Amino acid sequence: MPDIVAPGPSAIIPGQDFVPVVLGGDRLGYSLARSFHMAYGYRTLIVSRMVAGPIAHSCLVEHRQIASLEDPELLVATLRDLAPKVGSDKRLLLATTDHVVSVLARVKHRLDDLYLIPYSEPELIDRLTRKENFAQLCHELNIPHPATVVYEVSDHGSDSAAAQLDSLTFPVIAKPSNAEAYAGVDFAGKQKIHSASSRAELDDLLGKLHTAGYRDKFILQDVIPGDDQGMRILTCYVSKQGEVKFACFGRVLLEEHAPDTRGFPAAIMTGVDHEAVAAATRLLEHVGWRGWANFDMKFDPRIGETVFFELNPRLGGTSFYITAAGHNVVEWYVNEWVKGESLEGRPVVETTTEHVFSAVPVRLLKKYVTDPATKAKLNKLLKDGEVTNPWFYKAEKSPKRWQWIAMNQVNYVRKYRRYYPEPKALV
C-alpha cells in the first residue's frame, strides 16, 4: 500500500491512502460507498450531475458536480482538474452505468496517469453490451439464450421489416440494443424494457420509436414463462490475467415495476448454480474480459435450464447483494488494482452463502414470493436474521438521511400498489 500523500488544506478527502472516485450518484454509487466504508472505513468522492436521493445527506460521500458524465471532453477535463485535490495519489475510478462505463473506457488512456481504471477495452465493452452480439456469442459457445430477433428500427414500415415481425410468436420482450441511443429519445409510454402481447401492440411501440428518432436496433425476444421469481443474477470478477476468480449467483425474488426502473432486482436470495457459473466463465475467458461483469438470466421451466439475457460491463445496481452475503465487492478492486496483488494461481471463490438482499420492506417482499419452496427458505432466512437492506446502515447519523430512507420504503409500497399490485407471470 502506498504512503498517504500529505494533503493540502483544500484536500477533498484527506487521510486515506486511496480514494474511491465514483461517477454516478445512483443506487450503485451509494452501494459502492457503503462497501468501501465497511471494508476500510473510507469515504468516497461521488461525481454526478446532482445530489440525488441515494447519496443525499450521507456521511459516506463527498460530492462534486458535473454538467454531464456522458460528454467525453468535459469528463476528462473535470477529472484531471479534480485529481490533485482529492487527497491521495491513489485514485480508483469507477462508473455506475453502462453508458458511462463505455465513455470512461474510451477516454481512459487520457486519465490513466492519474487514476486506476479497472475496465476492459472499449471495443470489447461495446461489442458485448450490444445485445445482438451477446446473443450471437451465446449461440457460438452453446450457452442457453432466448430466441432473438434483431429488428432494424430504421427499416420500420418496409416489407423486410414486416416479414421479421410476421415470424414472431407473442408475447415478446422488446428492449434497445443501443442504450446510449435509446437514452436520447423520448416518447409516450417509454420504459426501460417493454413487453408486447400482440402484433398490434408491438407495431405501436416500434412506430413510436421510429417517430421519436431512434434509428438503431431493437431486440425482440421470446418470453420465458414465469414471474419475477424465475429471474436470476450472476456477478463475476475477472483478474488482469483474464481468469474468473469470483462468482456470486442469486435468485431474484422480486423486481421493480415502475416504468423508469422496471426490471431492476428489488430482492435477491444468494445461492448456487454451478452450471451458470461454468457458462459465464467460458464466455468471459473466451473474449478476454477484465474486471466485473454482471449477467441477467432467467430459469426456463420448458427446458429446465437458466438462459442468459445480457451482460453488463460493471457491477449491477443491486450488487450490494454480494457484500451483504459476506464477500465485499470492492476488495477485489483494491487488492488487485490499488495494492497491486497478483491473483494468478489463486483458487476461484464461488459463494455458497444463502442470504436475502431486499431494498423493499420485508412485509412487502413476502407478499410476492409465492413459490412454496422459495417461501419456506425465505422465511427461514428471515427468522435467522440473514437479511440486509442496502439503505439501512448504522454509520449514517443524519436525521435527514434517515428521513429519506423512511420515505424511500414508503414509496416502494406505493409504487407496487400502483404498478404491480399482485404477483403476475408474463405468460
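Before moving on, here are some points about what is shown:
- When the stretch 388-417 is limited to residues that are part of a helix (DSSP H, G or I) and among the charged types (D, E, K, R), the one that is nearest to the chain's Cα centre (by Cα) turns out to be Lys415.
- Qualifying residue in the stretch 372-386 (condition: of a type in the set (Val, Ile, Thr) and within 30 Å of Ala33 (Cβ to Cβ)): no
- Selected residue [farther than 20 Å from Ser31 by Cα, touching a helix residue (DSSP H, G or I) at 6+ places or on another chain (Cβ under 7 Å) and without any contact (Cβ under 8 Å) to a residue 40 or more places away in the chain] from Leu202, Leu206: Leu202
Here's the yes/no breakdown for (1) within 18 Å of Arg262 (Cα to Cα); (2) of a type in the set (A, V, I, L, M, F, W, C); (3) surrounded by 14 or more Cβ atoms within 10 Å (Cβ to Cβ); (4) at pLDDT 95 or above:
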position	(1), (2), (3), (4)
Leu365	yes, yes, yes, yes
Lys380	no, no, no, yes
Asp384	no, no, no, yes
Tyr393	no, no, yes, yes
Arg401	no, no, yes, yes
Asn408	yes, no, yes, yes
Arg414	yes, no, no, yes
Arg418	yes, no, no, yes
Lys424	yes, no, no, no
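This table checks each residue for (1) within 21 Å of Pro118 (Cβ to Cβ); (2) outside any strand (DSSP E or B); (3) touching a residue at least 40 places away in the same chain (Cβ under 8 Å); (4) open to solvent by 60 Å² or more (accessible area, probe 1.4 Å).
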residue: Gly15; (1), (2), (3), (4): no, yes, yes, no
residue: Val21; (1), (2), (3), (4): yes, no, yes, no
residue: Met38; (1), (2), (3), (4): yes, yes, yes, yes
residue: Ser58; (1), (2), (3), (4): no, yes, yes, no
residue: Val76; (1), (2), (3), (4): yes, yes, no, no
residue: Leu79; (1), (2), (3), (4): yes, yes, yes, no
residue: Pro84; (1), (2), (3), (4): no, yes, no, yes
residue: Leu94; (1), (2), (3), (4): yes, no, yes, no
residue: Ser102; (1), (2), (3), (4): yes, yes, yes, no
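- Residues of the stretch 254-309 satisfying the condition of being within 25 Å of Pro347 (Cβ to Cβ), open to solvent by less than 40 Å² (accessible area, probe 1.4 Å) and in a loop (DSSP other than H, G, I, E, B): Asp273, Gly288, Trp289
- Considering Ser31, Ser58, Ser48, the condition of being closer than 14 Å to Leu69 by Cβ and of a type in the set (S, T, N, Q) is satisfied by Ser48 alone.
- Test: His327 is open to solvent by 10 Å² or more (accessible area, probe 1.4 Å), in contact with a Cys (Cβ under 7 Å, 6 or more places away or on another chain), of a type outside the set (A, V, I, L, M, F, W, C) and not in a strand (DSSP E or B): yes
- Among (1) over 28 Å from the mean Cα position of the chain (by Cα); (2) under 27 Å from Pro265 (Cα atoms) - the single one Gly184 does not satisfy: (1)
- Across the stretch 338-358, a minimum of one residue is classified as of a type in the set (D, E, K, R) and closer than 26 Å to Pro225 by Cα.
- Of the residues making up the stretch 232-289, those that are touching a Pro at 6+ places or on another chain (Cβ under 7 Å) and among the aliphatic types (A, V, I, L, M) are Ile233, Val252.
- Selection status of Glu336, under 21 Å from the mean Cα position of the chain (by Cα) and farther than 24 Å from Lys377 by Cα: no
- Asp126 vs. criteria open to solvent by 10 Å² or more (accessible area, probe 1.4 Å), at pLDDT below 95 and within 30 Å of Phe308 (Cα to Cα): yes
- Among residues of the stretch 402-427 that are over 13 Å from Glu255 (Cβ atoms), those with a beta-carbon under 8 Å from a residue that is open to solvent by 70 Å² or more (accessible area, probe 1.4 Å) at least six positions away or on a different chain give the pairs Trp404/His57; Ile405/Phe392.
- Of the residues making up the stretch 232-264, those that are of a type in the set (D, E, K, R) and free of Cβ contacts under 8 Å to residues at least 60 places away in the same chain number 1.
- Test: residue in the stretch 368-378 that is under 14 Å from Leu253 (Cα atoms), in contact with a strand residue (DSSP E or B) (Cβ under 9 Å, 6 or more places away or on another chain), free of Cβ contacts under 8 Å to residues at least 40 places away in the same chain and surrounded by fewer than 16 Cβ atoms within 10 Å (Cβ to Cβ): no
- Flag if Ser48 is in contact (Cβ under 8 Å) with a residue 40 or more places away in the chain and surrounded by 21 or more Cβ atoms within 10 Å (Cβ to Cβ): no
The values are calculated or read from the model by the stated rules, or taken from the named source; none is laboratory data. Owing to the predicted nature of the structure, the values given are computational and were not obtained by experimental measurement. Positions of Cβ are generated from backbone atoms using ideal geometry, with glycine treated the same way; all protein chains shown enter the neighbour counts. For the accessible areas, the whole protein counts, side chains as well, though only heavy atoms, and no ligand, DNA or RNA atoms are used. Shrake-Rupley method; radii C 1.70, N 1.55, O 1.52, S 1.80 Å.
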